1. May I ask you to say which residue of A:LEU142, A:LEU153, A:LEU179 is more than 27 Å from A:ASP79 (Cβ to Cβ) and either at the interface with chain B (Cβ under 8 Å from one of its Cβ atoms) or touching a residue at least 40 places away in the same chain (Cβ under 8 Å) (or both)?
2. Output yes when any residue across the stretch A:50-57 is in contact with a Lys or Arg (Cβ under 7 Å, 6 or more places away or on another chain), open to solvent by 30 Å² or more (accessible area, probe 1.4 Å) and over 30 Å from A:ASP217 (Cβ atoms), and no when none is.
3. Would you point out which residue out of A:PRO145, A:PRO187 is in contact with a Phe, Trp or Tyr (Cβ under 8 Å, 6 or more places away or on another chain) and open to solvent by 40 Å² or more (accessible area, probe 1.4 Å)?
4. Which count do you get for residues in the stretch A:15-46 that are surrounded by 20 or more Cβ atoms within 10 Å (Cβ to Cβ) and either under 18 Å from the mean Cα position of the chain (by Cα) or under 20 Å from A:LEU96 (Cβ atoms) (or both)?
5. Is it the case, given these coordinates, that B:TYR214 is within 11 Å of chain A (Cβ to nearest Cβ), closer than 20 Å to A:GLY8 by Cβ and without any contact (Cβ under 8 Å) to a residue 24 or more places away in the chain?
6. Does A:ARG136 count as over 20 Å from A:GLY208 (Cβ atoms) and over 14 Å from the mean Cα position of the chain (by Cα)?
7. In this structure, is B:ASN163 within 14 Å of another protein chain (Cβ to nearest Cβ) and not hydroxyl-bearing (Ser, Thr, Tyr)?
8. Got a sec? Which of B:LEU61, B:LEU7 is under 22 Å from B:PHE91 (Cα atoms) and of a type in the set (A, V, I, L, M)?
Protein chains: 2
Amino acid sequence: MKGISLLGGPLELIPEGFFNELKYNNQFLLGVDRGSLFLVEKGLTPDVAVGDFDSLKKAELAKIEKVVKDIRYSNPVKDLTDSELMIKTAFENYHLTSLKIYGATGGRLDHFLVNLFTFLKPEFQIYAPKVTLIDRQNVIRLFLPGKHHIKPLEGYSYLGIVNLTEVKNLSIRGAKYPLENYTSAYPVSFASNEFVADKSVELYFEKGTIAVIYSKDLNRFANL
Amino acid sequence: MKGISLLGGPLELIPEGFFNELKYNNQFLLGVDRGSLFLVEKGLTPDVAVGDFDSLKKAELAKIEKVVKDIRYSNPVKDLTDSELMIKTAFENYHLTSLKIYGATGGRLDHFLVNLFTFLKPEFQIYAPKVTLIDRQNVIRLFLPGKHHIKPLEGYSYLGIVNLTEVKNLSIRGAKYPLENYTSAYPVSFASNEFVADKSVELYFEKGTIAVIYSKDLNRFANL
């Protein structure tokens, strides 16, 4: 089964129509911390709620506890972050085949970097190819070494390719700005690349973890 | 001389009062791409404007060209990103002693990661200790190996410590959640740490680059 998770990031970064679409879709639903409250307040019932909930008022937590059957209370002084506990629950307990994560960007940037860097940890690497981080302007997929065909995504003009770790022999073929056999000991963001004539881009690398970031400008910029 | 730079990230992430304060302060002012236009439209004149300006309309670029004396046009097919060219201009041509960078976060995340990861490149490492990235919820400072005393920052409750690269023997002393001799081959975000009784936190590490992220929750969360 496929899953959708909502974390506690700023609501204004959630894609338009997100909550409405959830009403008509049967995917497994996970809320993390304040993300659980966002869902409940929109009339949606998460299958699982995860978090230490320490930023919620008692009455807010009570709203979650009233409707959610599986609540996983994490320990604020802990080895796993809330989002890590959510990922383990999603894949190990509920055996989801893929997971779209919303509310993971914006707001506090130490939180965003937790959400992005979690998949670099050896025990979470296995889930990297199964997750997508999504906000209003960005769709982030994660890739492990090998050859990958990156398809264009409708509505997203830009292709960012970011090695989040050291990388060996990175090649980007068939894109507007190709790259051949790039090796680096530190993270580099190759931003603002583009697809050519709607053709797939070939991504190849031998070591490391790469984030592929589809992104778009927002229309408001056109009106400034 | 100290400097302030505005990049083209979302305006709603700029701290309140930013443009007004610029009117009463004599720091060196740099605009990057649409950030230059934001400044000019607020009646401020950047000392330098940098960018390929390819997302601006002709009339918008003309507004910048009318008032800015030093414009550095970058090449869209280029070795340096716009923000890299800005940093080189700030420190190499104008010999600034420090630089606060706004408009570097949010929006397109490949852009944010460019702005964060630029300082990992060997030719930019020297500037890492001189820059601060700032938005409404976050203040990011960068540190190179050694011992550092991290002072609390008024109004910011949380302390995130993020090794952006491999790190050797990282210790965090005097914080709510201390850490001793942590070594990692990949980036890790230690989020949501806190200062204790307003005392400095000691940061020590032997290899790598570390981002210290001061952050705060926004009040709106209290009213949801």
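The values are calculated or read from the model by the stated rules, or taken from the named source; none is laboratory data. Quick caveat, the model's predicted, so the values are computed rather than measured. All Cβ positions, even for glycine, are placed from backbone atoms using ideal geometry, and neighbour counts span all protein chains on display. Only protein heavy atoms, including side chains, enter the accessible area calculation; ligands, DNA and RNA are left aside. Shrake-Rupley method; radii C 1.70, N 1.55, O 1.52, S 1.80 Å.
1. Selected residue: A:LEU153, the only one of A:LEU142, A:LEU153, A:LEU179 that is more than 27 Å from A:ASP79 (Cβ to Cβ) and either at the interface with chain B (Cβ under 8 Å from one of its Cβ atoms) or touching a residue at least 40 places away in the same chain (Cβ under 8 Å) (or both).
2. Checked the stretch A:50-57: at least one residue is in contact with a Lys or Arg (Cβ under 7 Å, 6 or more places away or on another chain), open to solvent by 30 Å² or more (accessible area, probe 1.4 Å) and over 30 Å from A:ASP217 (Cβ atoms).
3. One residue alone meets the criteria, A:PRO145.
4. Adding up the residues that qualify gives 11.
5. Spelling it out, it is not the case that B:TYR214 is within 11 Å of chain A (Cβ to nearest Cβ), closer than 20 Å to A:GLY8 by Cβ and without any contact (Cβ under 8 Å) to a residue 24 or more places away in the chain.
6. Spelling it out, it is not the case that A:ARG136 is over 20 Å from A:GLY208 (Cβ atoms) and over 14 Å from the mean Cα position of the chain (by Cα).
7. yes
8. B:LEU7
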